[in-house]
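The structure under discussion appears below in the form of structure tokens.
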Amino acid sequence: MTLMRRREFLRDSAIVTLAVSALGPISARSLDFPAVVSPDWLSQNVGSPGLAVLDIRSAEQYKKGHIPGAVHAPVSSWAVSRDGLSVELPTESALRELLGRLGLKPEARVVVVNRNETDFNRADAMRVAWTCMTAGIENTAVLDGGHNRWVKEIKSVSTLDTSVQPGVYEGKMNGSLAVPKSYVLNRIGKSLIVDTRLPEDYFGIASKPGHIKGAVNLPAPWIFAGDGTIRKEEDLRAMAVGVLGSNSSKEVILYCGVGGFAAAWWFVLTRVLGYRNAKVYDGSIEEWVKDPTSPVSRYTWN
């Protein structure tokens, strides 16, 4: 190890040590793990036992500087192309292999970190969080404002790769969080089907097919404020109740273009607002319109 890299290692270790001593270690049994964490919260907790920080940016961005202790897990590894569809959940075996390689266990506390330049970046962090939860890691959070906000507020970054001890992931998969097209077809008129794309896509101006018949519109980009941070809980709740109603036990099926925006609202509804029966139609409109007999509506708001 060169002298410069040794100094950097010692500096990063000191940051982690100070964070743990200032707040104490996270207890898996006592912590009410938040869904959305701030840079300040993360800086005080990074390095605590059981807490894993996943940086899903590109390899180049990770190498230029990342949160000390963050493990690189690029967003491309969290979804696959399958049967002509762009963004699909990996197979169970592939997902277990990924989580095992990252050294994760079902009782882990996970914070997902991504870039914060676009609505797609922001939704991707929630998509990865949703994927972790489909694999049984219930305590999964996202960093509010992403890596950009961390750099702006905390400033400390590392260029050292974070090593983990790989293992065998044995968590219980929760397949009920993702539903196929056949399920959605059967639930039209029975469940709340929610299109999370922008209104011009839902209405059929920007996207010719329009939306799934009977679906309502709750755009995922509206989750975020102008600076890319997540809106206050009271605003998110008001939006959700205004479109979905206040019955948090009613089944909600979310979709979008390929699955990212839908997972973002799923994460907010489930982890932030307490809705108990939300699901993602992972094939989304990309799959829906492949079949010309699939019922769609255009130029209407339902």
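The values are calculated or read from the model by the stated rules, or taken from the named source; none is laboratory data. For clarity, every value in this text was computed on a predicted model and none was experimentally measured. With ideal geometry, Cβ positions are generated from the backbone for all residues, glycine too; neighbour counts draw on all protein chains shown.
Which one of 107, 88 is out of contact with any helix residue (DSSP H, G or I) (no Cβ under 8 Å at 6 or more places or on another chain), surrounded by 15 or more Cβ atoms within 10 Å (Cβ to Cβ) and of a type in the set (Asp, Glu)?
88
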Discussion item. Pull out all pairs, ordered by first then second residue, where Cβ-Cβ is under 7 Å, the residues are six or more apart or on different chains, the first lies in segment 277-302 and is without any contact (Cβ under 8 Å) to a residue 40 or more places away in the chain, and the second is in a loop (DSSP other than H, G, I, E, B) and of a type in the set (Asp, Glu).
Written reply: 277/251
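One residue is enough: does segment 269-290 have a residue meeting the conditions under 16 Å from residue 209 (Cβ atoms), of a type in the set (Ser, Thr, Tyr) and not in a loop (DSSP other than H, G, I, E, B)? Give the steps one after another, and end with the answer.
Here is the first cut: in segment 269-290, the ones under 16 Å from residue 209 (Cβ atoms) are 281, 283-290.
Okay, now just the ones that are also of a type in the set (Ser, Thr, Tyr), so 281, 284.
Keeping just the survivors that are not in a loop (DSSP other than H, G, I, E, B) gives 281, 284.
For segment 269-290, residues under 16 Å from residue 209 (Cβ atoms), of a type in the set (Ser, Thr, Tyr) and not in a loop (DSSP other than H, G, I, E, B): present.
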Worksheet entry | Top-ranked residue in segment 62-72 [being in contact with a strand residue (DSSP E or B) (Cβ under 8 Å, 6 or more places away or on another chain) and of a type outside the set (Gly, Ala, Ser); ranked as surrounded by the fewest Cβ atoms within 10 Å (Cβ to Cβ)] | 72
Fill in: Hits in segment 258-287 (condition: surrounded by fewer than 23 Cβ atoms within 10 Å (Cβ to Cβ), over 15 Å from residue 82 (Cα atoms) and of a type in the set (A, V, I, L, M, F, W, C))
272, 273
Fill in: Inter-residue pairs, beta-carbon under 6 Å, first assigned by TED's automatic domain parsing to the domain that holds residue 221 and in segment 238-259, second among the aromatic types (Phe, Trp, Tyr) and surrounded by 14 or more Cβ atoms within 10 Å (Cβ to Cβ), 6+ apart
248/275; 253/281; 254/265; 254/266; 255/281
Worksheet item: How many residues does segment 137-159 contain that are closer than 26 Å to residue 96 by Cα and either surrounded by fewer than 18 Cβ atoms within 10 Å (Cβ to Cβ) or of a type in the set (Asp, Glu) (or both)?
Response: 1
Discussion item. For the structure I just gave you, tell me whether residue 150 is of a type in the set (Phe, Trp, Tyr) and farther than 21 Å from residue 196 by Cα.
Written reply: yes
Practice prompt. Give me the pairs, please: first residue somewhere in segment 79-97 and more than 17 Å from residue 287 (Cβ to Cβ) and in the same structural domain as residue 126 (by TED's automatic domain parsing), second residue anywhere and among the β-branched types (Val, Ile, Thr) and modelled with pLDDT under 95, beta-carbon distance under 6 Å, and either six or more positions apart or on two chains.
Written response: none
